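The next block holds one structure in the form of structure tokens; read it before the comments.
The values are calculated or read from the model by the stated rules, or taken from the named source; none is laboratory data. A quick note: this is a predicted structure, and the numbers were derived from the prediction, not measured. Heads up, the Cβs are rebuilt from the backbone with ideal geometry, glycines too, and the neighbour counts pull from every protein chain shown.
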């Protein structure tokens with residue numbers, strides 16, 4: 001057993017010595033290397049790196065600058081991008097509706113257990129809190145109107161049946177947690193749908209990018225072929 005350990009250690013040491021020898025100019029195993037100086041400033045791509053870049057790249061800086069330029073994928077891409085952002089905004093606003101309604105109900109429940117209806121300051125505090133949240137709700141419902149119009153006129157409109165009625169119902173008073181929970185469940189269905197639909201729009205954007213990249217590669221290849229001929 002000890003003999004096996006000694007042999008293994010000897011093999012490891014021998015391997016390390018051979019590896020170090022490749023970088024020792026005085027050793028016969030020295031790899032020699034490519035002594036051609038590599039110009040600074042990206043004027044030439046080193047031969048060992050040429051597979052990382054297209055074959056027609058002569059100036060690295062120019063190539064990198066070209067890659068960082070914003071690509072114009074066309075009006076369809078811009079329109080889908082805008083629509084997707086609106087679907088995501090719709091989802092975010094839907095979530096804020098449920099948060100405000102839950103806050104209103106919490107104030108009412110707290111008053112039932114901790115408040116005193118005969119205490120004017122308690123009553124005023126409750127009314128103040130409810131008004132504050134109600135004002136938030138009114139602003140949110142106004143904000144969501146143009147977003148709701150977009151989803152209701154989109155290719156996914158069938159998934160948003162009943163949305164207008166649900167948003168209108170948000171203005172009513174919810175007397176207990178069960179009623180609010182049922183309402184929020186229906187509202188969150190639209191939130192989930194908008195997230196899924198935003199994903200479908202993203203798939204469209206990816207396809208446009210993929211098609212554009214393929215077309216660009218084909219154009220570059222054609223131009224390179226013309227140059228060589």
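When each of 174, 195 is tested for being touching a residue at least 40 places away in the same chain (Cβ under 8 Å), surrounded by 11 or more Cβ atoms within 10 Å (Cβ to Cβ), part of a loop (DSSP other than H, G, I, E, B) and assigned by TED's automatic domain parsing to the domain that holds residue 135, the lone residue that passes is 174. You will find that of 189, 200, 227, the residue that is modelled with pLDDT under 95 and surrounded by fewer than 15 Cβ atoms within 10 Å (Cβ to Cβ) is 227 and no other.
For first residues located in the stretch 112-139 and surrounded by 12 or more Cβ atoms within 10 Å (Cβ to Cβ), partners that are not in a helix (DSSP H, G or I) and lie 6+ apart or on another chain with Cβ distances below 6 Å form the pairs 122/115; 122/116. When 147, 126 are checked against the criterion of being at pLDDT 95 or above and part of a helix (DSSP H, G or I), 147 stands alone in meeting it.
For the stretch 158-166, check the following and say yes or no: at least one residue is over 24 Å from residue 205 (Cα atoms) and either within 22 Å of the chain's Cα centre (by Cα) or not in a helix (DSSP H, G or I) (or both). Looking through the stretch 158-166, at least one residue is over 24 Å from residue 205 (Cα atoms) and either within 22 Å of the chain's Cα centre (by Cα) or not in a helix (DSSP H, G or I) (or both).
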